[in-house]
Amino acid sequence: MQTSPTLPRRAFLSQALCLAGAASTLQLGPVSRSALAAAQETNTAGEPADTRQALTVLSAQQTAVHINLVSGTLLNFGYKTPTGNQPEAYKNIAYLWPVSNNSIPWNSEPENQTQILLNRPSGDQNFKNINITTGAYIVGFAVGPKVPGTPWSPYLNVVASAYIPAQPTNARPPIARSTNLKPLYIGTNSLAYGFSFLPGYNPALSGAWVGLWEGEAASYVAPPRWASPILLTGNEGTSGLSGVILSTGEKYTLGLFASGYNQDSKKLDLLRRACTTVLAV
């Protein structure tokens, strides 16, 4: 992810007006001023007051999966997850589906699945004793177990995929997709971000959420200082946190989670993290 430079006044006002609807509705506590109110506020000279803070993205981590080898009876894949993840302990799973296009079939049973066997954030593993034909396949990597009985898909923890196109030869270059998170704006007491899950994903019905930690790391144990659910049903969009007051010169970590939101911060599921972004203000 590239560093985000400070936006000029015109770009900031346009973006604040577009994003404030999402940002101002997701509140952790009382909010005295939303991004939209800040953008519309005027100073003594009659000009809109510029309340933005400088935003610099220092680093980003995503969950990703890639294909190393495809044969008739074996598929080897590699994976990479955020620092601190323990795939075996946290029940990360890889699924294999035969498909007709580059999309997870969210309500179809996979042809094969394998629990991740190591407690390291990155590694590789096999699907064994399978029957790979010349048809197309997709591997989905989940940061948590299957969740039966959910409103839209039991595979809601799948946050990365690798598509293997149908080809009659051994040359089958895979196409990878990952879940993404990008901070867009920081005001006096609000933060707006853009997100994208895999095509067809439903954040609202999955209990997807975003948390913000002070410092350069998101924790798998300690809850964030600020957290809010994503209430949108589309797989990508803009949302935000309100009631957020960040200190200039400090670093913070934004984390995006596939599921597990709870209004009680002590009950947030911190294990379903898809990606993180470290930023400085």
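The values are calculated or read from the model by the stated rules, or taken from the named source; none is laboratory data. Being a predicted model, the structure only gives us computed values, none of them experimental. Please note: Cβ atoms are built from the backbone with ideal geometry, for glycine as well, and neighbour counts cover all protein chains shown.
Out of LEU254, LEU241, report the one residue that is more than 13 Å from the chain's Cα centre (by Cα), modelled with pLDDT of 95 or more and not aromatic (Phe, Trp, Tyr).
One residue alone meets the criteria, LEU241.
Of the conditions (1) in a loop (DSSP other than H, G, I, E, B); (2) under 26 Å from GLY84 (Cα atoms), ARG177 clears all except one; give me its number.
Status for ARG177: all satisfied but (1).
Which of the numbered conditions does ILE93 fail, given that it passes all the others? Conditions: (1) crowded, with 17+ Cβ neighbours inside 10 Å; (2) hydrophobic (A, V, I, L, M, F, W, C); (3) modelled with pLDDT under 95; (4) out of contact with any helix residue (DSSP H, G or I) (no Cβ under 6 Å at 6 or more places or on another chain).
It is condition (3) that ILE93 fails.
How many residues, within the stretch 224-281, are farther than 11 Å from LEU181 by Cβ and part of a loop (DSSP other than H, G, I, E, B)?
Final tally of qualifying residues: 28.
Of the residues GLY194, GLY215, GLY200, only one is in the same structural domain as GLN53 (by TED's automatic domain parsing), farther than 30 Å from SER103 by Cα and either surrounded by 15 or more Cβ atoms within 10 Å (Cβ to Cβ) or in contact (Cβ under 8 Å) with a residue 24 or more places away in the chain (or both); which?
Unique residue meeting the criteria: GLY215.
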